[in-house]
Amino acid sequence: MTFEKATWPRRLRSQEWYGGTSRDNIYHRGWLKNQGYPHDLFDGRPVIGILNTWSDLTPCNGHLRELAEKVKAGVWEAGGFPVEVPVFSASENTFRPTAMMYRNLAAMAVEEVMRAQPIDGAVLLVGCDKTTPSLLMGAASTDLPSIVVTGGPMLNGWFRGERVGSGTALWQMSEDIKAGKMSQQDFLEAEQAMSRSSGTCNTMGTASTMASMAEALGMALSGNAAIPAVDARRRVMAQMTGRRIVQMVKDDLKPSDIMTKQAFENAIRCNGAIGGSTNAVIHLLAMAGRCGVDLSLDDWDRLGRDVPTVVNLMPSGKYLMEEFFYAGGLPVVLKRLGEAGMLHKEALTVSGDTIWDEVRDAVNWNEDVILPVEKALTASGGIAVLKGNLAPKGAVLKPSAASPQLMQHRGRAVVFEDIDDYKARINDDALDIDETCVMVLKNCGPRGYPGMSEVGNMGLPPKVLKKGITDMVRISDARMSGTAYGTVILHTSPEAAVGGPLAVVRSGDMIEIDVAARRLHLDIPEAELAARLAAWQPLPDQPSGGYDWLFRTHVEGADTGADLDFLKGCRGREVPRDSH
Ligand code: FES
């Protein structure tokens, strides 16, 4: 990797606001002095924005103000000037219709917050699912030196002697209730056991996956992803991150130096090894789009095919993030990939060293948590990308969370036109469905929902659950929570709302899936499919204005990351003109 450090000292962009004696310099500096900063702090040292996604309504990030203080301490120690800046916090568990609709809005806001203000470098303080990709996307579009520190996962949940994994247990228990295996009272008692400390979901859900992706990309210090939120070492990590960003600014070590095609390929392989969330597909595609890196769904399939899933965490396995940390965390996994020839060892990281330098000495302290390859959960653990007449631009499936006996299947479609139709009919015992059927859900893609909600792992009909069946093939243009599981085909593209073939599937049609052959086929005559597509009419579509209009008008398909078309690419750090 060729990276040439910038010369230091040099005049930084923050000096355009603070460095001089003009009327404008005095205006900018004078106002900040009302916070009690001595004059010599405006001497040209790096101003570090601590972009904080804390919010009372993003409880997963509820401890980030405390963590920000540790980041600040690190910045001061290294001779920088920290400024904490609140940014859009897209909470997974409160935003409607789905936090995903606001990922791009958050990224757009972060980009402008960075560019429009006197920030020389940024610490991205993130945690909950969308907060990590949105801030990385914004940072990539400014290309200002940036480093991620995540809030870390919650401690293990425990209920009646069993581990309770965030999200994963919720899906299991709600199915158990429908099957008559669990009482509502027990469900309520389990509620408090699910979330017993600060932090993000403790499964290998989307938050943990995206923390791992940030580390595998080289955008976080090594070891960051798995440290529990309440462990003292999480605070040390925050402080070290604060120290490091100051040097990154001096060196001008930028996202474009780190988030290269090689880095994305490392992250994709890492996702297969950890059994990471399908949401990583969409987020990494969008991030690559901001970086100008040519990344496609085909890259996901090509790179993930031969990666065994070795991290034994829910939803694919049995442990939780706390145990992953004790076992050695992500450096062990990256080292394993490196030894197998599946890592671009020379990829640069925020430390200024290569990723191999960071992980080569990692030790696996628990081989039941990070499994030997011969005991892998799935030999081919990477995200499988299926294509065919039902998904010309692709659909994804997570093999490690699917049922092996359903990976090749032919079944009768039972179609739900949208999520309301599904909710209205799924519990009806008169619904003509059995476990051999293929459940199909339409109009839940980026434009259709809007925002592409995590409803793809549709709960099974009670009459099937009562037989003891726990999985069926499900197909949709929706996403699925990273904590969820099942033989669930997601992100079907083009989506139904823009006239993709999914839109014209009818109940009774036969559907074939063959994961090994990467095939997803609607078994009707070609002429019939063409006739149905020709007759297709879009649903009445009435954006309410505002961001809803902006999003629906400009959102791209899931196959390219569902970013807004006009936000792709890097627009740099220059401000068009001064503030006065
Ligand atoms: Fe926020 Fe899982 S809901 S991390």
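The values are calculated or read from the model by the stated rules, or taken from the named source; none is laboratory data. For clarity, every value in this text was computed on a predicted model and none was experimentally measured. Cβ coordinates were reconstructed from backbone atoms using ideal geometry, including for glycine residues, and neighbour counts include every protein chain displayed. In case anyone asks, the SASA skips ligands and DNA or RNA and just uses the protein heavy atoms, side chains included. Shrake-Rupley method; radii C 1.70, N 1.55, O 1.52, S 1.80 Å.
Brief remarks follow.
- Accessible surface of E77, taken over heavy atoms with a 1.4 Å probe and every protein chain present, rounds to 100 Å².
- Here the stretch 47-153 exposes an accessible surface that is 57 percent carbon and sulfur, computed with a 1.4 Å probe and the other protein chains kept in place.
- Whole-number D in µm²/s for the stretch 278-331 (Stokes-Einstein; Kirkwood sum over Cα pairs; 4 °C, 1.567 mPa s): 98 µm²/s
- Each peptide in 367-377, 532-542, 312-322, 121-131 gets a packing score, the mean of other Cβ atoms within 10 Å over its residues, and the list from highest to lowest is 121-131, 312-322, 367-377, 532-542.
- Normalised contact order of the chain, rounded percent, pairs of Cα under 8 Å and 6 or more residues apart: 15 percent
- Net charge dipole, the stretch 383-497: roughly 360 debye, given to the nearest 20, about the Cα centre with Cβ charges of +1 for Lys and Arg and -1 for Asp and Glu.
- Area accessible to solvent at H554, 1.4 Å probe radius, in Å²: 50 Å²
- A cut-off under 12 angstrom between Cβ atoms defines the neighbours of G328, and their net charge, with Lys, Arg +1 and Asp, Glu -1, is -1.
- Rolling a 1.4 Å probe over the protein heavy atoms gives the chain an accessible area of 37 Å² per residue.
- For the chain, a/c is not less than 1.5, where a ≥ b ≥ c are the root eigenvalues of the C-alpha gyration tensor, and a/b tops b/c. That puts it in the prolate class.
- Within the accessible area of the stretch 424-499 (1.4 Å probe), percent carbon and sulfur: 47 percent
- Net charge over other residues, Cβ less than 12 angstrom from the Cβ of G30 (K, R count +1; D, E count -1): +2
- Net charge of Cβ neighbours under 10 Å - reference N443; Lys, Arg +1; Asp, Glu -1: -4
- Options S493, V332, S481, ranked by Cα towards positive dipole end of the chain, top entry (Cβ charges): V332
- Heavy-atom accessible surface of the stretch 508-580: percent carbon and sulfur, 1.4 Å: 55 percent
- Cα long-axis angle, helix 64-77 against the chain (0 to 90 degrees, to the nearest 10): 30 degrees
- Cα centroid of the stretch 89-165 to Cα centroid of the stretch 262-295, whole Å: 16 Å
- Average projected area [Cα convex hull, the stretch 165-224], square nanometres: 4.7 nm²
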